[in-house]
1. For the stretch 209-301, give me every one of the strands (runs of 3 or more DSSP E) that falls completely inside it and has 1 or more residues that are basic (Lys, Arg), in contact with a Phe, Trp or Tyr (Cβ under 7 Å, 6 or more places away or on another chain) and within 19 Å of residue 44 (Cα to Cα).
2. Suppose the filter is in a strand (DSSP E or B), open to solvent by 30 Å² or more (accessible area, probe 1.4 Å) and farther than 20 Å from residue 254 by Cα; does residue 66 pass it?
3. Is there a residue being touching a residue at least 40 places away in the same chain (Cβ under 8 Å) and within 21 Å of residue 148 (Cβ to Cβ) anywhere in the stretch 287-301?
4. Give the number of residues within the stretch 181-212 that are under 16 Å from residue 127 (Cα atoms) and open to solvent by 40 Å² or more (accessible area, probe 1.4 Å).
5. Within the stretch 213-250, which residues are exposed (fewer than 13 other Cβ atoms within 10 Å of the Cβ) and under 20 Å from residue 271 (Cα atoms)?
6. With respect to residue 120, determine if the residue is within 24 Å of residue 176 (Cβ to Cβ), without any contact (Cβ under 8 Å) to a residue 40 or more places away in the chain, among the small types (Gly, Ala, Ser) and not in a loop (DSSP other than H, G, I, E, B).
7. Can you confirm whether residue 129 is closer than 16 Å to residue 39 by Cβ and open to solvent by 10 Å² or more (accessible area, probe 1.4 Å)?
Amino acid sequence: MTGGPGAVLVLGEALIDLVPVAGDGGVRAAQFGGAPANVAVGLARLGTPTAFAGGLGGDGFARTIEGRLRAAGVDLTLCARSALPTALAVAEPDTRGTGYHFHLQDTATFRLPDLSARAADFGAVYVGGLAAVVDPAAPAVWATALAAAEHSLLVVDPNVRQDRTLGANQGAVALRELCGLAHVVKASDEDLERLWPGTEPEETCRKLAAGGRLVVLTRGARGSTAYTATMPPLSVAATPVRVVNTIGAGDAFAAGLLSRMGALGTFTATPEPEEVRDMLAYASEAAASVCAQTGTEPSVA
């Protein structure tokens, strides 16, 4: 498959989340994770041709990751491979959401390929998250994003994590610069508060949208709002759901948004208002389908 105007290239990390087992907080289960990898699986499950370009290692965790991606129908032709181990993210859920502690050094996960020469082969290119700020992945992400901004539709999801990897100011700078380069920005209110402290997320969205971008702000149970340079903000309520899990919900929203955009016939930063409403509603359903289960793969009727 590798490419095509209706296909999405997802560049970033696939890692293992260590998640507390219900009923025994001292035990953690290993599960497939990494925001870009979740988005790739979500896109493929929702019927969008998807290529994932990440770093795959030589351990058992890497084989688990590869099996999950392939089972969803994701093309792995562009992945980089090495004998190094897989990165780990230790999940720390609490009443305010899920925090993470990362084990990233000397792993295969962030040995990403520079795909700047391939960006034009895809209708859209998705980047963001840890790979955008963690070396040695960050230069490859930036080079590919630059090419996508010129030859494709660049979609950025900053997916900010409060961890030592983003503690330095340069991490925030890199993510702000990627948002400024993007055609489409999907971000939560928490993402924007962390990247532009002291500025209301809505104001940040208006400023980004003024540059010709489609900016989608998510607020969890409070729904989502889209901003463009040519229309008033358009909001859609969150799909009602009995919440079982929130891990991966934002990634499912991003996958739903991109999948619906492709289904409408073209990847564009200037959709019509009714198309925007349809995309937000579909993305909300995808996110709700993840919240209603223990896994991270969306399903929309």
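The values are calculated or read from the model by the stated rules, or taken from the named source; none is laboratory data. None of the values given here were measured: they were computed from a predicted structure. Because the Cβ atoms are built from the backbone with ideal geometry, glycine has one as well, and the counts that use them run over all protein chains shown. Each accessible area value is taken on the protein alone, full model and side chains, heavy atoms only, with ligands, DNA and RNA left out. Shrake-Rupley method; radii C 1.70, N 1.55, O 1.52, S 1.80 Å.
1. No strands (runs of 3 or more DSSP E) qualify here.
2. On the way: in a strand (DSSP E or B): no; open to solvent by 30 Å² or more (accessible area, probe 1.4 Å): yes; farther than 20 Å from residue 254 by Cα: yes.
No.
3. Within the stretch 287-301 (the criterion being touching a residue at least 40 places away in the same chain (Cβ under 8 Å) and within 21 Å of residue 148 (Cβ to Cβ)), the answer is no, since none of the residues qualifies.
4. Keep residues of the stretch 181-212 that are under 16 Å from residue 127 (Cα atoms), which gives 181-188, 191.
Next, from what is left, pick out any that are open to solvent by 40 Å² or more (accessible area, probe 1.4 Å): 181, 183.
Count: 2.
5. Of everything in the stretch 213-250, those that are exposed (fewer than 13 other Cβ atoms within 10 Å of the Cβ) and under 20 Å from residue 271 (Cα atoms) turn out to be 230, 232, 237.
6. Details: within 24 Å of residue 176 (Cβ to Cβ): no; without any contact (Cβ under 8 Å) to a residue 40 or more places away in the chain: yes; among the small types (Gly, Ala, Ser): yes; not in a loop (DSSP other than H, G, I, E, B): yes.
Criteria not met by residue 120.
7. no
The rows are residues; the columns are (1) open to solvent by 30 Å² or more (accessible area, probe 1.4 Å); (2) acidic (Asp, Glu); (3) touching a residue at least 60 places away in the same chain (Cβ under 8 Å).
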position	(1), (2), (3)
28	yes, no, yes
70	yes, no, no
91	no, no, yes
105	yes, no, no
111	yes, no, no
